[in-house]
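To start, the structure itself, in structure tokens.
The values are calculated or read from the model by the stated rules, or taken from the named source; none is laboratory data. Just so you know, these numbers come straight off a predicted model, no measurement behind them. Note: ideal-geometry Cβ built from the backbone for every residue, glycine included; neighbour counts use all protein chains shown.
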Amino acid sequence: MLKIHPNDLDSDVCQTSIDVLRNKVQLWLAARHPGEPVYFPDDQSALPLPQNDQPLNIVFFGGFLRRFLESGNWLHPGFRIWVLSRAVQNTLVKLLGFSQNQIGIIPRYELFGRQPETAPFILRRPTQWVFAGRLSATKNLTMLLATVSALQTRHQLPVELHLSGEFDEEIHEDRGRRERGGYHEHLIAFSTQLPWTKPPIFHAPAAPTEWIRKFRENPCFVSFSTSITEDFGVALAQAQEAGWPCLVSDWGGHRDAEGNNILKLPAPLIGNSHEPSELIRIKGSALAAWLVREQNLTGSSEPQTPNYPSPLTTPLTQVDLLRRAFITAQDGAPIEIQRSGPAAFADTEQGRVFYSRHRLAFSSSPPDSYVLVFVNDLHPTADSAQADLIALCSHAWEYYSTDQNQAVIYLSLREANTPEGELLLFKAKQLILPWFGANTQKILRAFASQLSLWPPLLACVPEGTTLQTQASLLAYSPAHLQMENPFHARKI
């Protein structure tokens, strides 16, 4: 095997965006803090650390959690810490213990401009929806495909989908470890199984300044990303700079984007790429129906440039204390981030709860009114019991995704007791348990004991069955919702 040159660095799938942002931020900081040293921990080419007696400007990008845990290698006496969005500032303050005045925000519209006269977001006119960037599971592209398919075939809307970029094998690391490989083939196969009036078109990767010139027929930028590292959104910024209307997840750095032609999707409505394909298809139908109902809820304000103050200098000793306090609070489990990666940490109980809180800090609130449908499991599996339940529940999922005149959110039972799951439970208009099994009573009693506000619960229960439960508001499903052979479902 050949020796790799010592100066060669492992490639980062996000390096293209890192390069664009680094150049923009360097110019911004040079104009406001001339002569001060700057360090970009996510940029692999930035080593070694610049040495200077002045405070070091640390600029966090999407990998901020891992970089914070590496801060024992920072040698300067103090730091000014900068981030690119309020979501990251919120996470550093709420979950890592920084004070708000220690985290500076670089305003997105001082890095990228925006055309004052822009095309409106109109769902019913012929439109090219364009996703540009990494073709990755972290961008929830299966959900995007399922949604556009439903818009074309169920709602007869003239929407085309174009995807431009390079495939990678990145995963939603906050959801735990999983096998990597074959994402390109999986996405193409998923696409071919959907109905289309005009199938999506995949385009070869283009340079950061070139991709936007390829689409001229009523383009609209679209991104359903719920990546835990989505701290800014370079492609979104470039699209707004070109005057495009945009349809994006109300998540992470996207939440700071403003304008009267941008529509943001509540993050709880967006399916995660690692969920079963059948559930993604149904969630896509539900989101398409929501879009048709709510298409006029675009932004109403022109982008503003907030007057964010410069951050206070944080001494090295305090950064060390915060890092130790975080590791201690997590019972040492974050060692898995450095040992095996964030996904290994997410598979610990401490990591499961931490990343749930992390997602809450990144996510928008759920819609004002929605029904919550429980899902037995959110992960493809060879377990026949789980496969049976997915098939059994699909009829109920389908019904609630299309026949409800309100938003539908799906929640895994295994996530019902996480911080984000509890929030969704408390705010739901109705809870729906789309199966019946031997331990249904146990589930209902658990919900009754955990919830001080008990929404009405609809359970798919065979007629004539009586459940003795603490839940006083149990309702039976309509006859047409009875699923065939419900007792064939295995125990949950």
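Evaluate the following for residue 279: is it outside the structural domain of residue 184 (by the TED database) and part of a helix (DSSP H, G or I)?
Taking the combined requirement at face value, the residue does not satisfy it.
Are there any pairs, at least 6 apart or on different chains, whose C-beta atoms fall under 7 Å, with the first in the range 59-82 and without any contact (Cβ under 8 Å) to a residue 60 or more places away in the chain and the second in a strand (DSSP E or B), and if so, which?
59/38; 59/82
Looking at the range 119-163, which of the residues that are within 19 Å of residue 211 (Cα to Cα) and in a loop (DSSP other than H, G, I, E, B) is farthest from the chain's Cα centre (by Cα)?
So, considering only residues that are within 19 Å of residue 211 (Cα to Cα) and in a loop (DSSP other than H, G, I, E, B), the one farthest from the chain's Cα centre (by Cα) is 119.
Out of all the residues in the range 13-30, which are closer than 18 Å to residue 206 by Cβ, out of contact with any Lys or Arg (no Cβ under 8 Å at 6 or more places or on another chain) and either outside any helix (DSSP H, G or I) or among the small types (Gly, Ala, Ser) (or both)?
Hit for the range 13-30 is 17, nothing else.
For the range 204-217, indicate whether the set of residues that are aliphatic (A, V, I, L, M), assigned to a helix (DSSP H, G or I) and modelled with pLDDT under 95 is non-empty. Please lay out each step first, then the result.
Within the range 204-217, the subset aliphatic (A, V, I, L, M) is 204, 206-207, 212.
Restricting the remaining residues to those that are assigned to a helix (DSSP H, G or I) gives 212.
Of the ones still in play, those that are also modelled with pLDDT under 95 are 212.
Within the range 204-217 (the criterion being aliphatic (A, V, I, L, M), assigned to a helix (DSSP H, G or I) and modelled with pLDDT under 95), the answer is yes, since at least one residue qualifies.
Residues of the range 14-53 being closer than 20 Å to residue 231 by Cβ and at pLDDT below 80, which ones?
Matches in the range 14-53: 45, 46.
The rows are residues; the columns are (1) surrounded by 15 or more Cβ atoms within 10 Å (Cβ to Cβ); (2) at pLDDT below 95.
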| position | (1), (2) |
| --- | --- |
| 297 | no, yes |
| 307 | no, yes |
| 320 | no, no |
| 330 | yes, no |
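Among the listed residues 101, 140, identify the single one that is closer than 25 Å to residue 357 by Cα and surrounded by 22 or more Cβ atoms within 10 Å (Cβ to Cβ). Reasoning before the result, please.
Numbers: 101 fails: surrounded by 22 or more Cβ atoms within 10 Å (Cβ to Cβ).
Unique residue meeting the criteria: 140.
Specify which of the listed residues (252, 176, 243, 259) is on the phi > 0 side of the Ramachandran plot and at pLDDT 95 or above.
Going through 252, 176, 243, 259 in turn, just one is on the phi > 0 side of the Ramachandran plot and at pLDDT 95 or above: 252.
Residue 71 passes all but one of (1) at pLDDT 95 or above; (2) over 23 Å from residue 260 (Cβ atoms); (3) hydroxyl-bearing (Ser, Thr, Tyr); which number fails?
(1)
Of the residues 244, 211, 251, 196, only one is more than 25 Å from residue 362 (Cα to Cα) and buried (at least 21 other Cβ atoms within 10 Å of the Cβ); which?
211
Anything in the range 62-100 that is touching a Ser or Thr at 6+ places or on another chain (Cβ under 8 Å), within 17 Å of residue 312 (Cα to Cα) and assigned to a helix (DSSP H, G or I)? List them, or say none.
93
Cβ-Cβ under 6 Å, sequence separation 6+ or interchain: first residue in the range 406-431 and over 25 Å from residue 346 (Cβ atoms), partner surrounded by fewer than 16 Cβ atoms within 10 Å (Cβ to Cβ) and at pLDDT 85 or above. Which pairs?
406/369; 429/369
Starting from the range 180-204, keep only residues that are under 14 Å from residue 159 (Cα atoms), then list their pairs with residues that are assigned to a strand (DSSP E or B) and among the aliphatic types (A, V, I, L, M) whose Cβ atoms are within a distance under 7 Å, requiring at least 6 positions of separation or different chains.
Short answer, once both residue conditions are applied: 200/161; 200/163.
Please go through the range 257-269 and pick out each residue that is under 15 Å from the mean Cα position of the chain (by Cα) and buried (at least 22 other Cβ atoms within 10 Å of the Cβ).
265, 267, 268, 269
Look through the range 164-190, keep the residues that are in contact with a helix residue (DSSP H, G or I) (Cβ under 7 Å, 6 or more places away or on another chain) and outside any helix (DSSP H, G or I), and return whichever of them is nearest to residue 354 (Cα to Cα).
Going through the qualifying residues, I end up with 176.
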